[in-house]
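The values are calculated or read from the model by the stated rules, or taken from the named source; none is laboratory data. Note that the structure is a prediction, hence the values are computed from the model and not measured. A quick note on method: Cβ atoms are made from the backbone with ideal geometry, for glycine too, and the neighbour counts reach across all protein chains shown. Heads up: the accessible areas ignore ligands, DNA and RNA and are worked out on the full protein's heavy atoms, side chains in. Shrake-Rupley method; radii C 1.70, N 1.55, O 1.52, S 1.80 Å.
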Amino acid sequence: REAGGSLYAFLASLLEVPLAPSLRSPSGRLLQHMPEAAPLVVGALAPVGAALLRQLLAGVAGAVPEYRVAEITDVLAALSTLCHEHICGWAQAVIARTPDAVAQAKDKEALFAAFKVCADAAAQGAPETPGRQLYLALVEFKDLCRRN
């Protein structure tokens, strides 16, 4: 049970290291700022980002308990911030694969819009990613998947 939480915390921390100088990890440790790592991390994620996003959304859709959605949101918010050039394409491809019986077009658009808001905020250099909006969209997506 704690291994899953540790994995999400590790991923969020790894993705946040290149971003801001005063970030704290989920455990409260001050993360070392390494902006020079950003292109390397983005380059490593570019070929696998869609698969990572698909696996995280699959977890939200049903494989992980609801209390883990916040941890997954942290990972997705950091991924959206760091890879803002790619996240919309990845999200669109992954969300499009969701069966219509599970989520209607408007539900898919709402989830995509949350990723777009995060990517746009990162592209504009916003100090914080609007993770709350992403969290609410993911909770709604989880509910849709559970009901359908």
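Figures for the structure shown
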| read-out | value |
| --- | --- |
| Per-region count, the range 117-136, residues open to solvent by less than 80 Å² (accessible area, probe 1.4 Å) and within 15 Å of ALA61 (Cα to Cα) | 2 |
| Any hit, the range 68-83, residues being open to solvent by 40 Å² or more (accessible area, probe 1.4 Å), more than 18 Å from LEU15 (Cβ to Cβ), of a type in the set (Gly, Ala, Ser) and assigned to a helix (DSSP H, G or I) | no |
| From VAL48, VAL60, VAL41, VAL94, residue being within 23 Å of GLY4 (Cβ to Cβ), in contact with a Cys (Cβ under 9 Å, 6 or more places away or on another chain) and modelled with pLDDT of 90 or more | VAL60 |
| Some residue of the range 137-148 being open to solvent by less than 30 Å² (accessible area, probe 1.4 Å), hydrophobic (A, V, I, L, M, F, W, C), under 11 Å from ALA77 (Cα atoms) and in contact (Cβ under 8 Å) with a residue 12 or more places away in the chain | no |
| Unmet criterion (only one of (1) of a type in the set (Gly, Ala, Ser); (2) part of a helix (DSSP H, G or I); (3) surrounded by fewer than 22 Cβ atoms within 10 Å (Cβ to Cβ)) for ALA114 | (3) |
| Cβ pairs under 6 Å, 6+ apart, first in the range 31-47 and within 11 Å of LEU15 (Cβ to Cβ), second of a type outside the set (Asp, Glu) and modelled with pLDDT of 70 or more | VAL42/CYS83; LEU45/CYS83 |
| Considering residues of the range 89-108 that are in a loop (DSSP other than H, G, I, E, B) and open to solvent by less than 60 Å² (accessible area, probe 1.4 Å) only, the residue farthest from LEU144 (Cα to Cα) | THR98 |
